[in-house]
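In what follows, a single structure is set out as structure tokens and then discussed.
Every number here is computed from the coordinates shown, using simple stated rules; none is lab data. Just so we're clear, the structure is a prediction, and the values are computed from it rather than from any experiment. Positions of Cβ are backbone-derived with ideal geometry, glycine not excepted, and every protein chain shown enters the neighbour counts.
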Amino acid sequence: MSSELSKQIEKLREEINHHDSLYYVSNKPEISDYDYDNLFSKLKELEAKHPELITTDSPTQRVSGKPIKSFNQIKHNSPMLSIDNTYNPEQLRGFDQRIRKQLEDEDIEYVVELKIDGLAMSLTYQDSILTQAATRGDGETGDDVTSNVRTIKSIPLRLNSKKTPPELLEVRGEVYMPKKSFASLNQLRSEAGENLFANPRNAAAGSLKLLDPRITASRNLSFFTYSTAEAIGNSKDHYQSLKKLKEFGLPLNPHTKKVSDIEKVIEICNSWETKRYELDYQIDGMVIKVNSFAQQEKLGTTARSPKWCISFKFPAEQATTIIESIDIQVGKTGALTPVANFKPVKLAGTVVKRASLHNFDEIKRLDIRVGDTVVVEKAGEIIPQVMRVVDGERSIFAQEFAIPTKCPECGGEVRKDKEGVSLRCNNKDCPARLKEKLIYFVARSQMDIENLGPAVIEQFVSKGLVKTFADIYKLTLFDIINLDRMGQKSAQNILEAIEKSKKRPLWRLVCALGIRHVGAQNAEVLSNAMGTLEAIMTATAEELEEIEQIGPIIAQSIANFFALEENRKMIEEMLECGVEPTIEKKKYSDSLKGKVIVATGTLENFTRESIKQTIKENGGKISSSVSKKTDFVIAGKNAGSKLEKANKLGVRVVTEEEFEDMIKDEV
Ligand code: IVH
């Protein structure tokens with residue numbers, strides 16, 4: 001291979017790493033997203049042509065490897081300790097006095113850091129390359145979550161070697177989920193009928209525990225470093241060491257401060273108690289560390305925590321208010337969700353007046369009644385929730401909330417769902433349900449039909465103009481102009497937007513259908529794997545389950561949806577009206593069309609990810625296990641049980657070269 005090409009690839013990687021660092025570490029991007037994407041595409045293109053030049057630390061290889069069965073355990077080289085807590089300035093002064101006494105009045109510097117509310121992580125860099133990531137676990141032993149952590153864009157896969165990092169470096173820090181990502185993840189989960197995460201920390205922990213790194217990659221996790229396991233080279237103190245980590249390319253929290261007396265520490269801590277709401281990630285306090293390593297050594301540690309470090313914990317902000325009423329909302333799946341309206345109250349930086357009560361069991365569990373004084377908090381500092389009723393302030397007239405026996409919108413019958421948590425309106429034609437389904441269908445993340453807001457949809461439904469998704473595509477200018485408060489121009493705009501939406505990518509249409517458990521992510525997986533709407537519609541639950549990431553519940557839900565005659569009819573009508581979902585995935589050829597292929601052993605010119613990609617791009621389907629349905633197995637070096645099974649079943653086996661020949665001419 002020409003060394004020119006290797007150099008070009010290497011240069012691109014360095015450039016991308018540099019811009020990643022400017023973006024994620026210094027927060028000072030120098031190029032536009034567009035230019036960045038161009039660099040990235042260029043690298044991907046070169047690597048696709050020359051897979052032998054792909055290295056694991058290439059920025060294109062963040063998501064690689066297959067879903068795993070379980071995590072390996074990793075024993076930490078030195079224990080990952082926890083920190084003792086303080087809750088007020090007096091306790092902080094007490095900490096300072098203990099330190100001063102032990103250090104016999106030496107000068108002391110403190111480093112004050114934000115206490116990021118996430119998960120402690122240990123990252124190992126060997127010769128500047130990220131080789132291992134482990135959770136804290138019990139402090140002694142944690143889980144090997146390397147594949148998942150590699151997907152976190154603010155974590156460099158390779159350190160900036162110009163700054164000569166040590167050969168072996170163990171970095172510690174916090175993986176977290178930004179507040180906005182937490183809110184949108186919960187939004188998607190609620191739309192897909194999945195359980196919600198209580199806070200960003202749980203969401204981050206849940207995302208790292210996933211066995212499939214591709215899902216972790218979509219969770220938008222981030223990272224701040226706060227220490228090393230061993231002092232770096234000649235650095236004398238913590239602050240210097242943090243600065244070095246930053247030079248190496250690791251993200252350091254920009255609000256880290258060095259100060260020389262405890263009153264200044266207290267001032268900083270107090271200021272963050274309110275400023276914290278302006279951050280786009282959640283902090284649960286501050287961490288105060290003695291700066292000098294020599295002094296840290298003198299102070300020592302207990303079995304649980306270092307004596308040179310303390311946290312200052314913020315209380316979760318709460319407010320009390322009065323419940324004025326409880327509404328019931330009907331969602332697109334028919335789920336009835338009680339929502340509390342309360343007297344507006346300031347909480348964690350904004351005024352709040354409503355909170356979802358999630359379900360009727362929750363009302364019972366908290367025994368919430370209209371007129372009650374309640375304590376409210378914000379999950380992830382964003383989503384208001386009622387925590388508890390304040391005892392002793394209930395009016396004697398306060399009545400228990402009556403659980404609805406009929407849908408408040410259509411009077412239809414309500415039933416508990418299979419999981420036994422939500423009540424659902426059983427009337428498929430419930431107008432409230434239809435309205436929500438339509439709002440979801442046209443939304444920006446789905447079919448993106450501009451100008452078709454809830455008020456217009458409400459009129460379509462109440463006038464009986466739209467009863468199914470297909471009806472949207474049958475609307476005429478006359479239908480729209482006749483709505484209340486509708487001008488000719490707006491009506492035309494709506495019609496144009498509907499027309500434009502006919503050619504959205506397949507995954508958007510699949511997502512827009514609102515099938516339970518099928519949000520944007522699953523819709524994309526499904527569309528990429530199946531290729532056409534017809535294939536998705538006709539697949540059995542068993543066939544769908546063969547797709548990685550699609551578990552039995554999702555598969556069944558999809559199959560059930562398309563088994564219904566009315567859904568199939570609705571889709572046929574849509575297609576008749578000219579809806580023509582597009583396939584975003586570029587197919588290079590049809591040479592593997594319909595073929596089910598298993599790849600096993602070590603391949604020379606492909607990584608696991610690139611072989612998968614190549615098979616898909618040529619129309620084939622990759623499967624993880626050999627069965628009679630397998631068309632052929634590509635066997636690399638050291639192929640083991642899968643090759644054996646193929647031979648036993650009489651399945652055709654090809655070498656890597658033979659495989660390359662199959663796709664060559666048509667690329
Ligand atoms: S230092 C021995 N610094 O808080 C001290 N920890 O409650 C090691 N945390 O397990 C930790 N931000 O996960 C340190 N700036 C920070 C931190 C921080 C968050 C977490 C960390 C630790 C937990 C202790």
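Sorting 206-219, 256-269 by their mean Cβ neighbour count within 10 Å, with the most densely packed peptide first, gives 206-219, 256-269.
Across region 440-453, coupling constants 3J(HN,Hα) worked out from phi with the 6.51/-1.76/1.60 Karplus curve, θ = phi - 60°, read 5, 4, 8, 4, 3, 7, 10, 7, 6, 9, 5, 6, 9, x Hz, and Gly and Pro carry x. A P(r) calculated from all alpha carbon pairs of region 260-408, with 5 Å bins opening at zero, reads 2, 8, 15, 14, 13, 11, 10, 7, 7, 6, 5, 3, 1, 0, 0 percent. Between residue 624 and residue 406, what FRET efficiency comes out of the Förster formula 1/(1 + (r/R0)^6) with R0 = 30 Å and r the beta carbon distance, rounded to 0.05? Efficiency, from the Cβ-Cβ distance: 0.05.
Backbone amide hydrogens, once placed in the peptide plane, bring residue 282 within less than 5 Å of 117, 179, excluding anything fewer than 5 places away on its chain. Could you calculate, for region 509-598, the ratio of the Cα radius of gyration to the Kirkwood radius, expressed as Rg to Rh? In region 509-598, Rg relative to Rh is 0.96. Put in order of Cβ neighbour count within 10 Å, fewest first, the listed residues 561, 312 become 561, 312. What's the whole-number percent of alpha carbon pairs in region 421-573 lying beyond 28 angstrom? Across region 421-573, Cα pairs with separations above 28 Å total 24 percent. Determine the alpha carbon to alpha carbon distance for each of 463/500; 179/246; 153/435; 502/616 and list only those over 27 Å. Distance filter (> 27 Å) returns 153/435. Dividing the convex hull volume of the alpha carbon atoms of region 568-667 by its residue count gives 121 Å³ per residue.
Applying D = kT/(6 pi eta Rh) to region 348-499, where Rh is the Kirkwood radius over alpha-carbon pairs, T corresponds to 20 °C and eta to 1.002 mPa s, the Stokes-Einstein value obtained is 114 µm²/s. In this calculation the C-beta distance from residue 339 to residue 275 is compared with R0 = 22 Å, giving a FRET efficiency of 0.10.
Arranged from fewest to most other beta-carbon atoms within 10 Å of their beta carbon, 346, 437 become 346, 437. Paramagnetic label reach from residue 478 (point 7 Å along Cα→Cβ; backbone nitrogen cut-off under 11 Å): within region 417-458, no residues.
Along its principal axes, the chain has C-alpha extents of 84, 81, 51 angstrom, given from the largest down.
Report the FRET efficiency, 1/(1 + (r/R0)^6), for residue 657 and residue 129, where r is their Cβ-Cβ distance and R0 is 25 Å, rounded to 0.05. FRET efficiency, residue 657 to residue 129: 0.25.
Dimensions of region 193-309 based on its C-alpha atoms, expressed as ranges along the principal axes with the largest first, amount to 53, 35, 32 Å. The modelled label-to-label distance between residue 467 and residue 14, using points 7 Å beyond Cα along the C-beta direction, is 6.7 nm. Take the Kirkwood radius over Cα pairs of region 348-407, plug it into Stokes-Einstein at 4 °C and 1.567 mPa s, and you get 101 µm²/s for translational diffusion.
If a paramagnetic tag sat 7 Å from the Cα of residue 485 along the Cα-Cβ line, which residues of region 434-465 would have the backbone N under 14 Å from that point? Only 452-460 fall inside the zone, counting backbone N under 14 Å. Among 662, 447, the ranking by other beta carbons within 10 Å of each residue's beta carbon, starting with the fewest, stands as 662, 447.
Taking a point 7 Å out from the Cα of residue 563 in the direction of its Cβ, the residues of region 395-427 whose backbone N falls within less than 18 Å of it are 418-419.
A simple charge model with +1 on the Cβ of Lys and Arg, -1 on the Cβ of Asp and Glu and nothing else charged puts the dipole of the chain at about 620 debye relative to its Cα centre. Show log10 I(q)/I(0) for region 457-538 at q = 0.13, 0.18 Å⁻¹, two decimals, from a solvent-free Debye sum over equal Cα scatterers. Ignoring solvent entirely, the Cα scatterers give -0.53, -0.83. Proximity of backbone amide H atoms, modeled 1.01 Å from N, is registered between residue 388 and 375 at under 5 Å, excluding neighbours fewer than 5 places apart on the same chain. Computed extension length for residue 194-residue 393: 68.1 nm, one decimal, from 0.36 nm per residue of separation with the Cα-Cα distance subtracted. Taking label positions 7 Å along the Cα-Cβ direction at both residue 535 and residue 346, the computed distance is 5.7 nm, reported to one decimal. In this simple spin-label model, placing a label point 7 Å from the Cα along the Cα-to-Cβ direction at both residue 595 and residue 163 gives a separation of 4.8 nm.
Near the amide H of residue 131, within less than 5 Å, lie the amide hydrogens of 124, 125, 126, all on another chain or at least 5 residues away, with H placed in the peptide plane. For region 437-501, applying the loop criterion from DSSP together with a ceiling of 13 other beta carbons within 10 Å to the GluC sites (Glu not before Pro) yields no site. 3J(HN,Hα) along region 131-148, derived from phi through the Karplus expression 6.51 cos²θ - 1.76 cosθ + 1.60 where θ = phi - 60°, amounts to 10, 7, 9, 9, 6, 5, x, 8, x, 9, 10, x, 8, 7, 10, 3, 4, 6 Hz, with x in place of Gly and Pro. For region 409-474, the ratio of Cα radius of gyration to the globular rule of thumb 2.2 N^0.38 Å stands at 1.23. Isolated cysteines of the chain, defined as having no other cysteine beta carbon under 4.7 Å away, are 269, 309, 511, 577.
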